[in-house]
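Working notes, structure below.
The values are calculated or read from the model by the stated rules, or taken from the named source; none is laboratory data. Predicted model, so just to flag it, every value in this text is computed and none were measured. All Cβ positions, glycine included, derive from the backbone under ideal geometry; neighbour counts span all protein chains shown. Quick note on the areas: whole protein, heavy atoms, side chains included, nothing else; ligands and nucleic acids left out. Shrake-Rupley method; radii C 1.70, N 1.55, O 1.52, S 1.80 Å.
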Amino acid sequence: MSDAPAPNTHNTPKSMDAIMALCKRRGFIFQASDIYGGINGFWDYGPLGAQMKKNLREAWWQDMIMNPAWGRKGPNGDRVKCVPVETRIIQHPKVWEASGHVGGFNDPMVDDKETKQRFRADHFFGVFAKPFSTSWDLETEARNFAKQAAESWEVFPVLGIVASTAGEAEAHLIEHVKGLCKAANLSFSSLERVSDHIIIKGRQADAAMLIHIRQIAPDRLARDAQRLNIPSPFTQKKGTLTEPRQFNLMFSTHVGATASADDKAYLRPETAQGIFLQFKNVVDSTRVKMPFGIGNTGTSFRNEVTPRNFTYRSREFDQAELEFFCHPSESQDWYRFWRDFRMEWWQSIGLRGENLILREHDKDELSHYSCGTSDVEYRFPFTAPGFGELEGIAHRGDYDLTQHAKHSGAKLEYFDQSRGEKLPNGSTKGERYMPHCIEPAAGLDRGVLALLCEAYTVDPSRPSPELMKFHPRIAPIKAAVFPLVDKDGMPEVAEKLYDELFARFGRQGFIEMDAKQSIGKRYARMDEAGCPFCFTIDGQTLTDQTVTVRDRDSGSQQRLALSQVSAFLADRLGG
Ligand code: ATP
């Protein structure tokens, strides 16, 4: 996650509690094993959520595999070509040694000895506080204080907070304000953010507290003397934290009945490796020619130390990954191509505007083998004003194929007949090389979460004060048909229209029909579920064969010939 500065137009973040409540109420997302009290880090999808996630996966499949990049030509001037694979969750254990996951897929973990709770050392923020008079120069005081907190190991945080970004830590500060004021003998009046600084003001004239929030470097937690003075994020007591220890994120299991060490296997932590494993078989069994992509979607598992923020950091989640293979000399062009297309793609399905950014990693953030990585990041309510990763687009060089060739002994180089020296007969000699690879790696659960957060809209002036403004392609309910009243021949006309729409669009999502309750209540219910279009059969329909179509976002209505409804929907949904 990053803390890119928020544009000035940024509003107060939406309430995650309200979004989660709507998700449960309307059947988007439920806690897994809910009736047993849930299981941390696992989430199930209800009827609307399951269909929505399917729509997202299908949109990815369509635009990345079947019609990659919307039929655009790539930097080489040719149509982009991709094929799918579907690979297993459990693979040979050596796969994960070759990929580096056994040795290096670790997070530093810290335990609270008293509560037995755990957090990721790199997700730990300290809140530093000092008395402040509002008559002092804020910029100078704040700058000096931030420097002290960063450089002097004699200045300790008064609170510990587990968060992924400073923005998220700041959002949690509010829970602690009363306690902070009490400890400082300040009678609380207000909390203010002035440019980059936070000030808690007291009721007494000039009395205030200057707050600075910064990540506590894991090496600070690794030193005994330092750690004794760092408060636990769970109890705020000092001296109860352990030093950070490396914790491998892969779930392990045993294959077969004996459960001996030799039978140890891992649940995949990413879908990408399955692609590299089948690279040779795909090349040998199909007519794909370099450059081309192989896509894979499915479930991955990571034993996250602190699963948090609804589905954002889960222990079981779905990914949609593409490995695009190309000649090394073209790899930078393809990297830029995919990076830009992926950003455009997320925008095309509804993540528009200031909440979505493309962030190029700094050199020191790159893995040792990567020549470039960008993240598509979304400003989730819990990361605001910062952003959280939705998808990473990485230039992985030839790292993975080379590693698997080394560990398996297989020859994974590609023989490219179109390259190499020109021969007198006009053909080319060919060139053997290890392809380079560009990897756009998206998370489908994070995708659904971002789309839910973006769509969630509060408008107290509407009959449904909460509505979901989904893009029609993503909306789980595509259309609803309502007879204005449940009599006078209207239900029959509605039924006929419903049958027609169901036959044509029912494969893309739900088509609803509802004759109960007032029409206002029925619209409100559809708005809350994010249904983009409602068609109403009324008295006029019976005389002139027109219906009203109501637009969810504006609430406006227009009349449309009954015979035009299908074409109207097809235009907006595709298909
Ligand atoms: P993070 O830094 O947030 O842990 P990552 O950089 O490790 O993510 P990748 O390995 O690049 O993630 O995985 C690709 C995508 O898979 C991510 O962009 C994200 O959408 C998704 N993803 C990764 N870990 C999780 C998780 N624990 N829960 C849900 N989605 C995840």
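Miscellaneous remarks
- Selection status of Arg308, part of a loop (DSSP other than H, G, I, E, B), within 13 Å of the ligand (Cβ to nearest atom) and buried (at least 19 other Cβ atoms within 10 Å of the Cβ): yes
- Residue count for region 463-487, restricted to those that are farther than 17 Å from Ala570 by Cα and not in a strand (DSSP E or B): 8
- Any pair with Cβ under 6 angstrom, 6 or more apart, that starts in region 223-243 at a residue that is of a type in the set (Asp, Glu) and ends at one that is open to solvent by less than 50 Å² (accessible area, probe 1.4 Å): Glu243/Ala222
One line per residue, one yes/no per condition, for (1) within 30 Å of Gly420 (Cβ to Cβ); (2) free of Cβ contacts under 8 Å to residues at least 12 places away in the same chain; (3) surrounded by 13 or more Cβ atoms within 10 Å (Cβ to Cβ):
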residue	(1), (2), (3)
Thr258	no, yes, no
Ala261	no, yes, no
Glu270	no, no, yes
Phe276	yes, no, yes
Phe279	yes, no, yes
Thr286	yes, no, no
Lys289	yes, no, yes
Gly295	yes, no, yes
Phe301	no, no, yes
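- Only residues that are outside any loop (DSSP other than H, G, I, E, B) and farther than 20 Å from Trp345 by Cβ were counted in region 68-103, giving 11.
- Long-range neighbours under 6 Å by Cβ, at least six apart or interchain, first residue open to solvent by less than 10 Å² (accessible area, probe 1.4 Å) within region 514-538, second aliphatic (A, V, I, L, M) and in a loop (DSSP other than H, G, I, E, B): Gly530/Ala475; Pro532/Ala475; Thr536/Leu484
- The residue of region 237-254 that is farthest from Pro75 (Cα to Cα), among those that are within 16 Å of the ligand (Cβ to nearest atom) and open to solvent by less than 70 Å² (accessible area, probe 1.4 Å), is Phe247.
- Single residue of Asp364, Asp340, Asp318 found to be at pLDDT 95 or above and assigned to a helix (DSSP H, G or I): Asp340
- Complete set of residues in region 281-299 that are among the small types (Gly, Ala, Ser), farther than 19 Å from Cys326 by Cβ and out of contact with any Gly (no Cβ under 9 Å at 6 or more places or on another chain): Ser285
- Looking at Thr541, Thr457, just one residue is more than 31 Å from the chain's Cα centre (by Cα) and either among the β-branched types (Val, Ile, Thr) or closer than 26 Å to Asn55 by Cα (or both), and that residue is Thr541.
- Any hit, region 444-455, residues being part of a helix (DSSP H, G or I), within 18 Å of Ser348 (Cα to Cα) and more than 16 Å from the ligand (Cβ to nearest atom): yes
- Considering region 51-89, the residues that are open to solvent by 70 Å² or more (accessible area, probe 1.4 Å) and not charged (D, E, K, R) include one that is nearest to the chain's Cα centre (by Cα), namely Trp61.
- The one condition from (1) part of a helix (DSSP H, G or I); (2) away from the ligand (no atom under 16 Å from the Cβ) that Ala257 does not meet is (1).
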